[in-house]
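Peer 1: Okay, here's the structure, questions in a sec.
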Amino acid sequence: MIKRYLKAQKSFFVFGLLLLIGLPYSNQVSIATPRKVKFFGTHQSPPETPLISSEKNVLLVGIKPYLGKEIINDQKSPSLRLVSIGRNLILKDANGVIRKAKEINIGWRAQQLLNPKVFVRNKIGPFASFESAERLANDLKDKGIKSTIAHPLDWEVWVSGDIEIPPAIKSTYQKIKVSKLVFPYLDGSDGKIALKGPISLQAPDGLRWEKGIYLGPFSIQPDAYGSWTLVEHVPIERYLNGVVPYEIGASSPEAALAAQAVLARTWAMANTHRFKVDGYNLCSDTQCQVYKDPSKANLKIKTAIKKTTGKILTWNKKPINTVYHATNGGVMASVDEAWSINQVPYLQMRLDGPKHWASSVNLPLSNEKYLKSFLFSKSEAFGSDHPLFRWERTIESSQISKQLKKAQKVGSSFYPHKIEVLRRGSSGRVTSLKIEGKSGSKILLKLDEIRRVLRELPSTLFVVKEIKEGKWLFSGGGFGHGAGMSQSGAIELAKKGWTTKQILSHYYPKTKYGFLP
């Protein structure tokens, strides 16, 4: 059952908050002139704290990360404004400070350390996704090298600075000196009161946040980078109220909504370790599943979730990584076309449409001649009414140059001159793209990095041709990585009368649908 699985993942749920000491407030407290530098590990480790929710199967979801980060760089940091939807909020800290109010404001202050800390590590990355970072971390583990996956801005893998990284892996040696810590304080009409962790927040009628309503309870806790996170402790079934309508659309047919609920539940269970380094499980943006305003879930959504309560997809008795996307353009991607991870039997390249249509498609689509025929011919694929089932994008050198610089791939003098597809996967998706500069320098973009850098592209299922010097036309299909369930395909199948189980079996063959063994 889910309860047993989550209990086994306890270390992923129990993180975070115990601060050092709460001092009388000043914008920057100086204890003394630093006298001695101490060397620590790779990062600041959030201390443990007990769960503050009495409900079962609770996820820790970061709804506002990196709080107070500006203070680290001697800049002013925005306050955290917490507003109740009804009755008073109740904030408690470890010193016995209790604040009951409809609105609570928390500011941030710097505290100088008597003895600065130095964290030494080899940084590998950035990676375009957690999945690619995890693949590298697993490869290192196979070599006996311990590592940590982090997300200070992009996904990175950290290895202790005293460990030699294999030559084939590009890494950067970092020595991070921490001479001050960031702490919260209550900012109210009665002055500024320093807070000591653990910090909890109860919202009896809900917390108004980002134009939504969240029930909590909440914690305010430090992360691995010196900043803080507002975390909601939310039961997994309630969590789905904030995921399903935003991932597939509240007006979708019930069977498609139920399929999305199963995928969201399964994905959450399979990814509870995603933000382990920061003391919580999942984020609330596109680096995880979009999670926002659970109060907007209508009766149709809640019914679909309730009908599948506790049900997930498993393979080898474990929750699978239920990736999904908007539309696959008529062909499902093998998972290793999307990310640098190992293939799995349930995420393989397959045409996504009726058998008579699929049998008429020339394969392999890695052959560009066949791919062009596939993209430019009339399609009977499932979900072909999606607006991005087929698309075109015109991109100029100046745009590409700007995006490459932003991704720190090139210097200021790089000017794209030639674009060439070097390799395609079995579904025809580009897995290696070469961009050549006028000076002869070359940049290789691979897998999910392609869309991460060239953000105008809805997918990597495309062909490209030069229209004129410095201008290219990308013609493609699909929106998203293409692996797993096509949401537009699931909606069409549901309208055709397919059941939730049939839809899931179609997109994730060889998996089992039901309760966790």
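Every read-out reported here was derived from the displayed coordinates using simple, explicitly stated rules and does not represent laboratory data. Remember, predicted model here, so these are calculated numbers, not experimental data. Every residue, glycine as well, gets a Cβ built from its backbone with ideal geometry; the counts of neighbours run over all protein chains shown.
Peer 1: Please report, ordered by residue number, every helix of the chain (full DSSP H runs) that is 15 Å or longer along its axis going by C-alpha atoms and whose mean Kyte-Doolittle hydropathy reaches -1.0.
Peer 2: The answer, listed by residue number, is 130-142, 254-270.
Peer 1: Give the aspartates and glutamates whose C-alpha is closer than 17 Å to that of residue 302, dropping any in the same chain fewer than 8 places away, or say none.
Peer 2: Candidates past the 8-residue exclusion: 237, 247, 254, 293.
Peer 1: Also, I was wondering about something else. Once phi is turned into ³J(HN,Hα) by the Karplus curve 6.51 cos²θ - 1.76 cosθ + 1.60 with θ = phi - 60°, what whole-Hz value does each residue of segment 151-157 show in order, with x for glycine and proline?
Peer 2: Those phi angles translate into 9, x, 8, 10, 6, 9, 10 Hz.
Peer 1: Also: Write down Rg/Rh for segment 389-449, rounded to two decimals, with Rg from the C-alpha atoms and Rh from the Kirkwood relation over Cα pairs.
Peer 2: Taking Rg over the Kirkwood Rh, I get 0.99.
Peer 1: So if I take the alpha carbon set of segment 451-517, get Rg, then get Rh from the Kirkwood formula, what is the Rg over Rh ratio?
Peer 2: That ratio equals 1.19.
Peer 1: Also, I was wondering about something else. Given segment 31-189 reduced to its alpha-carbon atoms as identical point scatterers, what log10 I(q)/I(0) does the Debye formula return at q = 0.11, 0.13, 0.20 Å⁻¹?
Peer 2: Normalising to I(0) and taking log10 leaves -0.65, -0.87, -1.33.
Peer 1: Over segment 82-187, what is the mean sequence separation of C-alpha contacts under 8 Å (at least six apart), divided by residue count, expressed as relative contact order in percent?
Peer 2: Reported relative contact order: 36 percent.
Peer 1: Determine the shape class of segment 91-158: with a ≥ b ≥ c the square roots of the Cα gyration tensor eigenvalues, call it rounded for a/c under 1.5, and otherwise prolate if a/b is greater than b/c, oblate otherwise.
Peer 2: Judged from the Cα gyration tensor, segment 91-158 comes out prolate (a/c at least 1.5, a/b above b/c).
Peer 1: May I pose another question? Whole-Hz Karplus ³J(HN,Hα) for segment 80-93, in order, using 6.51 cos²θ - 1.76 cosθ + 1.60 and θ = phi - 60°, x for Gly and Pro?
Peer 2: Along segment 80-93, the couplings run 8, 9, 10, 10, 7, 8, x, 5, 4, 6, 10, 10, 10, 10 Hz.
Peer 1: Could you work out the Kirkwood radius for segment 123-228, taking every pair of different alpha carbons, averaging 1/r and inverting it, reported in Å?
Peer 2: By the Kirkwood definition, the hydrodynamic radius is 17.3 Å.
Peer 1: Expressed as a whole percent, how much of the Cα-Cα distance distribution for the chain exceeds 38 Å?
Peer 2: 34
Peer 1: Pop out the ³J(HN,Hα) list for segment 444-460 in order, Karplus 6.51 cos²θ - 1.76 cosθ + 1.60 with θ = phi - 60°, rounded to Hz; leave Gly and Pro as x.
Peer 2: Running phi through 6.51 cos²θ - 1.76 cosθ + 1.60 with θ = phi - 60° gives 10, 10, 10, 6, 5, 5, 4, 6, 5, 8, 8, 5, 5, 7, x, 7, 9 Hz.
Peer 1: Treating the Cα atoms of segment 196-253 as identical point scatterers in vacuum, please give the log10 of the normalised Debye intensity I(q)/I(0) at q = 0.22, 0.25 Å⁻¹, two decimals.
Peer 2: -0.97, -1.09
Peer 1: Take every Cα pair under 8 Å in the chain that's 6+ residues apart, average their separations, divide by the length, and report that relative contact order as a whole percent.
Peer 2: Computed value for the chain: 16 percent relative contact order.
Peer 1: Pairs 177/442; 143/317; 177/402; 211/495; 123/468: which exceed 29 Å Cα-Cα?
Peer 2: From 177/442; 143/317; 177/402; 211/495; 123/468, over 29 Å: 177/442; 177/402; 211/495; 123/468.
Peer 1: If contacts are Cα pairs under 8 angstrom and at least 6 residues apart, what is the relative contact order of segment 15-235 in percent?
Peer 2: It rounds to 33 percent for segment 15-235.
Peer 1: Please compute the volume of the convex hull spanned by the alpha-carbon atoms of segment 326-483 and report it per residue in Å³.
Peer 2: Cα convex hull per residue, to the nearest whole number: 107 Å³.
Peer 1: Convex hull volume of the Cα atoms in segment 275-353, per residue, in Å³?
Peer 2: 174
Peer 1: Using a Förster distance of 25 angstrom, determine the FRET efficiency expected from the C-beta separation of residue 179 and residue 455, and round it to 0.05.
Peer 2: It comes to 0.10.
Peer 1: What residues have an amide H closer than 5 Å to that of residue 423, excluding those fewer than 5 places away on the same chain, when H is modeled at 1.01 Å from N in the peptide plane?
Peer 2: Sorted by chain and number, the residues that satisfy this are 431, 432.
Peer 1: So how far, in whole Å, is the C-alpha centre of segment 341-362 from the one of segment 474-503?
Peer 2: Here the two parts' Cα centres lie 12 Å apart.
Peer 1: Now for a different question. Between residue 79 and residue 251, what is 0.36 nm times their sequence separation minus the Cα-Cα distance? Round to one decimal in nm.
Peer 2: Going from the current span to full extension adds 58.2 nm.
Peer 1: Need the C-alpha centroid separation for segment 243-320 versus segment 173-229, integer Å.
Peer 2: Using only Cα atoms, the two centres lie 26 Å from each other.
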